[in-house]
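Here the structure is laid out as C-alpha cells; the discussion comes afterwards.
The values are calculated or read from the model by the stated rules, or taken from the named source; none is laboratory data. Please read these numbers as outputs of a predicted model, since none were measured by experiment. Neighbour counts are summed over all protein chains in view; Cβ atoms, including those assigned to glycine, are modelled from backbone coordinates with ideal geometry.
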Amino acid sequence: MDPIVPVTEGAALVHGVCPGELASLRQAFVENFTDRGEVGAALCVLVDGEVAVELVGGWADAARTRPWTGDTLVNVYSAGKAVLATLALQLVEAGRLDLDTPIASLWPEFAVGGKHRATVRHAFAHLAGVPAIREPLTNDDLWNWERMVGALAATEAWLEPGSRVVYHTNTYGHLLGEIVHRAGGLMPAEALRRLATSIEADVWCALPPDVQSRCAEVIFESPPALRDALAAGAASRDEAGRMIALAYVNPPGYGSGGVVNTPEWRAAQLLAANAHATARGLAQLYAALLVPNRIMSSDLLAEATRVQSSGPCPVLGEHIEFGLGFVPTSSRRRLGRSERAFGHFGTGGAVGFADPETGVAFGYVTNRVAPGWQTRRNRALLDALDAAL
C-alpha cells in the first residue's frame, strides 16, 4: 500500500496502490483533484486479472462530508451500455439470440411504425431508428418497465432501421433490455446480478435499499443553455430537432436530470444510463471479457468489438463508431495501446475498457458530471496510462 497523499489542505485524501513504474498515473489522478476540479473518484487498473493500480479519493457527497472509499458506488451513465450489451451477448453465445433476426420475432409489438425490419444487430449498434419515444411520458412512467417498453414498441421509427447510426442515448436500455428479457426470460437487473456474482464484479442496476446506502451523490452540472435548447427542441415542429430533444427529456428524467440521486432512479432498470459501479467492479467486468469463454468466446468478442456502424451522429453531434454495444478505440477516443482495445464512456467521464493485446482492464468512476464523454480528467488518466505502458 502506497503512503496516503493529501490532495489539498483540509480535503479528503487520495490513497491506494500504485507501483513506481505507474507513478505518472497516480500523479494524474491526484492532479485531477488539485487542478481539474475532481470531487470524488476512483480508478482501478487490472493487468491479466491482477490489480496493478487502485486509487480512491475525494468525497462521495457535494457537502464534502463523506469520504470516497473502495466500495463507493456511483452512477456511471452510458458506461452501462457495455454492461447491458454483455448480457445480450451472453444470450448470443448461448444460442438464444441471433444477431440478424428481426427484433419483432422476439417482440411482436415492435413490428409497427416502420420497425418490422429492425434486427437485433441494429439494436446493438444504434441503428434501430428509435432514439426517442414519441408519446409524451412522465417520470411515473419512467419507473414502470412495461409502460416504457410499450411506448417504445409503439413509436414510429424516426428513420429507416439500418440506414444511419443515431445514438440511442436512453432508449437503448429499454430496447436492448427488453430483447434480453424476451430472449433470456430474465429482467436485465436479474441477469446482471447473475453475471456480476459469477465474476465478482461490483456492478449493479436496480439497487436494493441496503446497497443504495453505498452510492455517491452525483453532482450534475448541466449548462442552462443546453437545458433551454432541449426544451425548445421538444416543442419544435422540426423532426430532427424534436427527435434529439425527446431522446433526452421524454420522460423528463430520462437523462437523469432532477432525479439522479433519488431512490426511484437508483432502483429503476435503466441500464443505458443508471448502472452503478465501483472502479474495480467496472475493471473486473472488462478483465472477465478478456478471458476466453468466461463470458463469451474470443470469436464473439472480436465480432462485438469491430465497427458495426459509423458516421456523423445527430444526437452526439460528432462522428461515432460502434460495435455491438462497445465503442472500439479510435483516434478520436483512444482506449489502450492497441487497435483491438474496446470499452465505453459515460456522461461526465466514467469509462471502462479492455485491451486484449496488453491484458489491461481499466475502470474510472467519478461523481462530478457534465455533458460529454471525454473530459480533461479521464483523458489525463488514459494518456498517463498509455505513456507508462
Report summary line: Requiring at least 3 residues that are farther than 25 Å from Asp355 by Cα and touching a residue at least 40 places away in the same chain (Cβ under 8 Å), the strands (runs of 3 or more DSSP E) wholly within region 8-85 are 13-17
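Here is a list: Phe345, Phe322, Phe326. Which entry is surrounded by 22 or more Cβ atoms within 10 Å (Cβ to Cβ), among the hydrophobic types (A, V, I, L, M, F, W, C) and more than 27 Å from Glu217 (Cα to Cα)? If you could, list the steps in order and put the result at the bottom.
Details: Phe345 fails: more than 27 Å from Glu217 (Cα to Cα); Phe326 fails: more than 27 Å from Glu217 (Cα to Cα).
Going through Phe345, Phe322, Phe326 in turn, the sole match is Phe322.
The rows are residues; the columns are (1) on the phi > 0 side of the Ramachandran plot; (2) buried (at least 20 other Cβ atoms within 10 Å of the Cβ); (3) under 19 Å from the mean Cα position of the chain (by Cα).
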{"position": "Tyr167", "(1), (2), (3)": "no, yes, yes"}
{"position": "Gly177", "(1), (2), (3)": "no, yes, yes"}
{"position": "Val180", "(1), (2), (3)": "no, yes, yes"}
{"position": "Gly184", "(1), (2), (3)": "no, no, no"}
{"position": "Ala206", "(1), (2), (3)": "yes, yes, yes"}
{"position": "Asp210", "(1), (2), (3)": "no, no, no"}
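For residues that are farther than 19 Å from Arg377 by Cα and either of a type in the set (A, V, I, L, M, F, W, C) or at pLDDT 95 or above (or both), tally how many sit in region 18-49. Reasoning before the result, please.
Within region 18-49, the subset farther than 19 Å from Arg377 by Cα is 19-21, 46-49.
Now restrict to residues that are either of a type in the set (A, V, I, L, M, F, W, C) or at pLDDT 95 or above (or both): 46-49.
The qualifying residues number 4.
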Report task. Scan region 127-165 residue by residue and report those that are surrounded by fewer than 16 Cβ atoms within 10 Å (Cβ to Cβ), more than 21 Å from Ala268 (Cα to Cα) and of a type in the set (D, E, K, R). Result -> Glu156, Glu160
Report summary line: Matching residues in region 63-77 (more than 19 Å from the chain's Cα centre (by Cα) and crowded, with 24+ Cβ neighbours inside 10 Å) number 1
Query raised in the report: Can you find even one residue in region 44-62 that is surrounded by fewer than 22 Cβ atoms within 10 Å (Cβ to Cβ) and touching an Asp or Glu at 6+ places or on another chain (Cβ under 9 Å)?
Result: yes
Query - Qualifying positions in region 297-312 - of a type outside the set (S, T, N, Q) and crowded, with 21+ Cβ neighbours inside 10 Å - result: Leu301, Ala304
Query raised in the report: Restricting region 262-296 to residues that are of a type in the set (S, T, N, Q) and surrounded by 24 or more Cβ atoms within 10 Å (Cβ to Cβ), which is farthest from Leu207 (Cα to Cα)?
Result: Gln284
Query raised in the report: Do the conditions hold for Val307, that is, is it under 29 Å from Pro209 (Cα atoms), modelled with pLDDT of 90 or more and out of contact with any Leu (no Cβ under 9 Å at 6 or more places or on another chain)?
Result: no
Report task. Give just the number: which of (1) at negative phi; (2) touching a Phe, Trp or Tyr at 6+ places or on another chain (Cβ under 7 Å) does Gly325 not satisfy? Result -> (1)
Query - Selection from region 30-86 of residues that are among the basic types (Lys, Arg) and over 30 Å from Tyr172 (Cα atoms) - result: Arg36, Arg64, Arg66
